[in-house]
Amino acid sequence: AALRDDDPYVRKVALGLIEDADNPPVEPIAQMALNDPSPQLRISALELLADTYDNAAQKYLKKASNDSDPKVKKFAQELLKEIQEDDH
């Protein structure tokens, strides 16, 4: 629930806490990566997805590579490229 809080600081702290968990939940992180109002928090969530789930993160990175924010879009494209290169 904290990932969807109105306060961006609360969402940032919640993401940090999830990052330290043993098995962070994919779906809430993915929803944040794709839908959070803050471009910086979308980037942070994408990075966590890519670092934690690698192959499973690809579908979310593909969606985020069409993000309306150019920084998020570029970051998602770069992460996707890195993951795909690591697979080969």
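The values are calculated or read from the model by the stated rules, or taken from the named source; none is laboratory data. All values reported here derive from a predicted model rather than from experimental measurement. All Cβ positions, glycine included, derive from the backbone under ideal geometry; neighbour counts span all protein chains shown. Surface accessibility is based on the protein's heavy atoms, side chains included, excluding ligands, DNA and RNA. Shrake-Rupley method; radii C 1.70, N 1.55, O 1.52, S 1.80 Å.
Structural remarks
- Qualifying residues in the range 38-58 (those that are at negative phi and either outside any helix (DSSP H, G or I) or over 11 Å from the mean Cα position of the chain (by Cα) (or both)) - the one modelled with the lowest pLDDT: ASN55
- From ALA76, ALA30, residue being open to solvent by less than 40 Å² (accessible area, probe 1.4 Å), modelled with pLDDT of 95 or more and within 9 Å of the chain's Cα centre (by Cα): ALA76
- Every residue from the range 19-47 that is within 20 Å of LEU79 (Cα to Cα) and of a type in the set (A, V, I, L, M, F, W, C): VAL26, ILE29, ALA30, MET32, ALA33, LEU34, LEU41, ILE43, ALA45, LEU46
- Qualifying positions in the range 13-27 - surrounded by fewer than 13 Cβ atoms within 10 Å (Cβ to Cβ) and under 20 Å from ALA56 (Cβ atoms): ASP20, ALA21, ASP22, ASN23, PRO25, GLU27
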